[in-house]
Structure formats: C-alpha cells, structure tokens
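What follows is one structure encoded as structure tokens, with my remarks underneath.
The values are calculated or read from the model by the stated rules, or taken from the named source; none is laboratory data. As the structure is a computational prediction, the values presented were derived from the model and not from experiment. Because the Cβ atoms are built from the backbone with ideal geometry, glycine has one as well, and the counts that use them run over all protein chains shown. Ligands, DNA and RNA are excluded from the accessible area calculation, which covers all protein heavy atoms including side chains. Shrake-Rupley method; radii C 1.70, N 1.55, O 1.52, S 1.80 Å.
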Amino acid sequence: MYYDHLGCRACGFGTQETASGIKSATPSDHLVPVFDLGLQPLANDFCAPGQEHAGYAPLKVLYCPRCSLAQLSVTVRPDILYSRYSYVTSTSETMMKHFAALADLLIEQKAGPRLLEIGSNDGRMLQYFQSLNMDVCGIDPAANLAEIANKAGVRTVCGLLNEESANEAADRPFDVVIARHVFCHVDDWRDFLRHVWLTTHNESLVCLEVPYCKDMLDRGEFDTIYHEHTSYLTLKAITALLANSPFRLHRVVRFPIHGGAILLMMRSKSSRVSPDPGLAAMLAEEHITLAEWQAFDAKARQAMLAMKETVRAAREQGKRVCGFGASAKSTVWVNACGFTRKDVQFITDTTRYKQWKLSPGTDIPIVDEGALLRELPDIALCFAWNFAAEILEKNALARSKGVKFYVPIPDPKLL
Ligand code: TYD
C-alpha cells in the first residue's frame with residue numbers, strides 16, 4: 001500500500017545511490033521527524049458501510065535541514081489514492097473568485113491561449129477558462145471525473161501525468177500549463193517536471209499552485225497534513241529542486257485560498273522573459289527551521305485538545321454535535337481526536353460521491369447539507385474552515401435557529 005520515503009525530494013539530502021541504482025538513506029544525514037499522528041486512514045477513502053477500505057498508513061512528517069522541505073515518511077501508492085477519488089473541485093464563490101484572479105494573472109503575463117491543466121478533476125476550472133475563449137485540455141487520473149469533464153465538453157486525457165498522457169494531450173505545445181494542488185501530491189518531482197517539459201515551448205508559463213508551508217505553520221493548519229500531501233513546500237526547497245532542471249522560478253504570488261497557497265510561476269531557463277524582481281526578497285524573508293516546526297506541533301496539539309474538550313462538554317450537557325464539510329481535513333480531525341458517531345452524529349457535504357458513506361476510519365455517516373436544517377444540531381464543527389466566511393453567511397437561517405459553528409483554524413471560535 002505504501003513505501004518508505006528516503007532522502008529529500010527537492011535537494012537529495014540523505015540519499016545515496018548504490019551501484020544498483022537503489023536509493024538508501026545515509027546513516028549520518030537523516031531527515032528530521034517533526035510531526036507524527038501515528039497510523040491514519042486515507043483522508044478521502046469514503047466507503048459505504050461494509051465496503052472494503054484501503055487501510056491505514058503512518059502519517060509522519062520529516063524535515064530537510066538542508067533545503068527546509070517537509071515531506072511524509074511514506075508514500076502511499078498513487079493508484080490506491082486516486083483511482084476512486086471523491087474530491088471534486090468546489091464551485092464555491094471563493095473558488096470562482098480565485099479562478100478569476102488566476103485568469104487576470106495570465107492576462108498580465110500576456111500568456112497565449114492554449115492551456116493545459118494537470119489534475120483537472122471534473123473540468124470545473126477549465127470550463128471557466130473555456131468561457132474566456134481559451135483552448136483548454138486536462139489530464140486527470142480519476143476515470144469518474146475525466147468522464148464528467150469530457151461529457152461537459154472539456155477535452156480530458158484520463159491518466160496520471162506521464163510520457164503517454166503528456167504526448168496524448170500535447171498535439172501542439174501549450175502556452176500555459178497549470179497544476180493546482182497537484183505538485184504536493186507527487187512523489188518523483190524530477191519525473192513530473194520532465195513530463196511537463198514535454199508539453200511546453202520555450203516561452204510557456206508553468207504555474208504550480210501549492211499550499212505554502214509557511215502559512216500552514218503560522219496558522220497551525222495541521223489538518224492539511226494527510227497522505228495525499230507528500231510535501232509541504234517552501235521557496236527554498238523549490239529553488240533547490242529547480243537548480244537541476246530546465247525551468248527557473250519566474251514569479252511567486254501568494255493567495256489566501258485553502259488556508260494559504262503560493263502560485264509558483266516558472267519559465268524555461270532559456271526564456272526571453274526576465275524573472276520578477278521581487279523574487280529574491282521573498283526568498284530571503286522565508287525562515288522555516290526546526291523551531292517553527294516545534295511551535296507548530298504545540299499549536300496543533302492544543303487545537304486537538306480544544307476541539308475534544310468542546311465536544312466532550314457538549315455531550316455532557318446533552319447537546320448534539322455534527323460536522324460541516326467532509327473535507328479531507330475532517331478525516332484528520334475526527335481520527336486525531338478519536339471521535340465516533342456518539343461524538344459527531346453526522347457530517348454534511350454537498351459532494352454526492354461522499355454522501356451515504358462513512359468518514360474514513362470512523363462510523364460517522366456523511367449526509368446531505370439539508371440535514372443541518374432538518375436536525376438543527378447545537379454545534380456544527382466547520383471542517384471546511386477555508387470557506388468559513390461563505391459558510392457562515394450561507395447558513396444564516398440555521399444559525400438563527402440556534403446552530404453554532406465551531407471554526408477550529410487558525411484559532412478556535414464558536415460563532
Ligand atoms: P476542501 O476544503 O476543498 O478540501 P479538502 O478535502 O482538500 O480538505 O473541501 C471542502 C469540502 O467541504 C468539500 O467536500 C465540499 C464541502 N463543502 C460543503 O459541503 N459545503 C460548503 O458550503 C462548502 C464551501 C464546502
């Protein structure tokens with residue numbers, strides 16, 4: 001189901017190639033363990049009762065003292081993680097505004113019209129770019145989602161990014177290649193960049209949107225650590241990686257989406273376009289060391305205690321608690337806190353694939369969002385806190401009837 005991850009994915013620290021080409025950790029240069037949640041289920045492994053689930057794997061973060069990249073100690077096989085994938089890109093207002101901001105950036109960069117999205121999910125973002133008259137194509141490994149996209153008129157190649165899918169998608173090179181929240185899922189970065197390279201020309205713009213490790217650490221977002229996210233990116237790490245690649249960083253833009261993300265814009269080292277002058281300062285300001293990870297660990301443990309205490313106190317007073325948003329983050333919370341259906345009676349989610357299934361590793365059912373008004377629980381744990389503002393506004397009626405939302409990140413609030 002999973003294999004050990006040895007040595008830094010970005011700079012190679014801690015690995016040595018043996019004569020047979022096998023990588024092994026050198027005894028003196030080990031990556032440093034900084035956060036450990038023990039054995040955990042796969043965060044998006046929503047199964048119907050009685051259906052076979054994928055199993056458990058260690059959830060432990062290792063830090064590279066050379067380039068500051070944090071990475072999981074094991075890699076779960078991608079075919080297990082993504083073949084029956086239930087994550088569907090959100091159509092929330094927050095997300096639509098984000099797509100518009102990305103489109104503005106492309107216009108500002110004078111990018112051409114041919115756009116490839118890697119990890120295009122059900123084609124939601126590509127439909128938006130299509131509406132701006134761009135010539136789009138997607139690559140996605142989930143057969144159920146690629147089919148939805150193709151039916152909606154978004155050309156989508158079904159597969160992981162590899163030589164075959166890259167060549168199938170790129171009958172002509174693309175002007176823009178975007179991968180949103182995909183790169184942090186990838187084990188072999190050099191291979192990924194080699195395949196991206198196959199789809200580009202000399203002036204293509206390659207945009208990788210990834211959660212920013214600094215934001216995660218500052219805000220204690222430990223629930224974004226799960227098996228799909230094999231790496232927690234820093235600018236220093238990406239710079240180390242690109243040193244041995246045909247790409248260079250061109251510009252970095254920070255976004256509040258998903259609790260804090262960076263858009264890493266890259267161009268070929270032989271591009272005629274000069275890099276953004278602000279890059280060097282951003283790199284120099286980034287300071288992520290073991291001390292930041294220690295503070296993060298303490299904040300995360302505190303957040304788990306706070307949620308457990310809220311639920312315990314509510315149960316003691318005979319109050320009913322539910323979850324709102326069966327995000328991958330919700331799986332991390334309910335398992336880290338050891339909740340069962342007795343603690344959290346159900347979790348609502350708008351995604352049809354998740355409904356009538358169980359929260360991975362627990363007996364907590366996922367139900368439709370209407371359950372909130374039907375059941376009127378006393379407390380809704382907001383597991384989609386990255387959309388909190390929108391969720392609070394949208395659920396004004398339930399709130400007026402007494403439902404309180406517990407927003408756990410960045411600091412717990414009952415609203
Ligand atoms: P998201 O935060 O996008 O991602 P992740 O799974 O990576 O943690 O997931 C949000 C989940 O919450 C998704 O399954 C959709 C659901 N959701 C609702 O059910 N209602 C809402 O109003 C919103 C904004 C999200």
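Some notes on this structure:
- Exposure of residue 316 as accessible area (Å², to 10), given a probe of 1.4 Å and all protein chains: 140 Å²
- Antiparallel DSSP beta bridges within the chain, as percent of all bridges there, nearest 5: 55 percent
- Bridges between two residues of the range 46-162, per DSSP, are antiparallel at a rate of about 25%.
- What you get for the chain, charging only the Cβ of Lys and Arg (+1) and of Asp and Glu (-1), is a dipole of about 660 debye around the Cα centre.
- Formal net charge of residues neighbouring residue 101 (Cβ-Cβ distance under 15 Å; K, R +1; D, E -1): 0
- When peptides 116-124, 373-381 are sorted by average Cβ neighbour count within 10 Å, with the highest value leading, the order is 116-124, 373-381.
- Hull volume in cubic angstrom per residue (convex hull over the Cα atoms of the range 192-245): 99 Å³
- Surface analysis of the chain yields an accessible area of 42 Å² per residue, using protein heavy atoms and a 1.4 Å probe.
- Per residue of the chain, the DSSP helices (runs of n ≥ 4 H) give a summed -39500 (n - 2.57) that works out to -9000 deg cm²/dmol at 222 nm.
- When each of the peptides 359-365, 49-55 is scored by how many other beta carbons lie within 10 Å of its residues on average, the order from highest to lowest is 359-365, 49-55.
- Each Lys and Arg contributes +1 and each Asp and Glu -1, all at the Cβ; summed about the Cα centre of the range 237-356, the dipole is approximately 480 debye.
- Structural size metrics of the range 103-160, computed from C-alpha coordinates, are Rg and Dmax of 11.3, 35 Å.
- Of interest is the spacing of the C-alpha centroids, which for the range 263-288 and the range 351-365 amounts to 42 Å.
- Radius of gyration and Dmax over the Cα atoms of the range 257-356, both given in Å: 21.0, 67
- Amide N proximity, the range 108-148 versus residue 390 label position 7 Å along Cα-to-Cβ, cut-off under 16 Å: 122-129
- Beyond 30 Å in Cα-Cα separation lie the following of the pairs 299/342; 60/319; 60/151: 60/319; 60/151.
- Stokes-Einstein, applied to the Kirkwood radius of the chain over Cα pairs at a viscosity of 0.890 mPa s and 25 °C, places its translational diffusion at 110 µm² s⁻¹.
- Protection-proxy order for peptides 252-258, 278-284, 131-137, each taking the mean of Cβ atoms within 10 Å per residue, highest first: 252-258, 131-137, 278-284
- Counting only protein heavy atoms and a probe of 1.4 Å, the accessible surface of the range 225-318 is 57% carbon and sulfur.
- Which of 350, 192, 148, positive extreme of dipole for the chain (C-beta unit charges): 350
- Count Lys and Arg as plus one, Asp and Glu as minus one, and take only other residues whose Cβ is under 14 Å from that of residue 256; the net charge is then -2.
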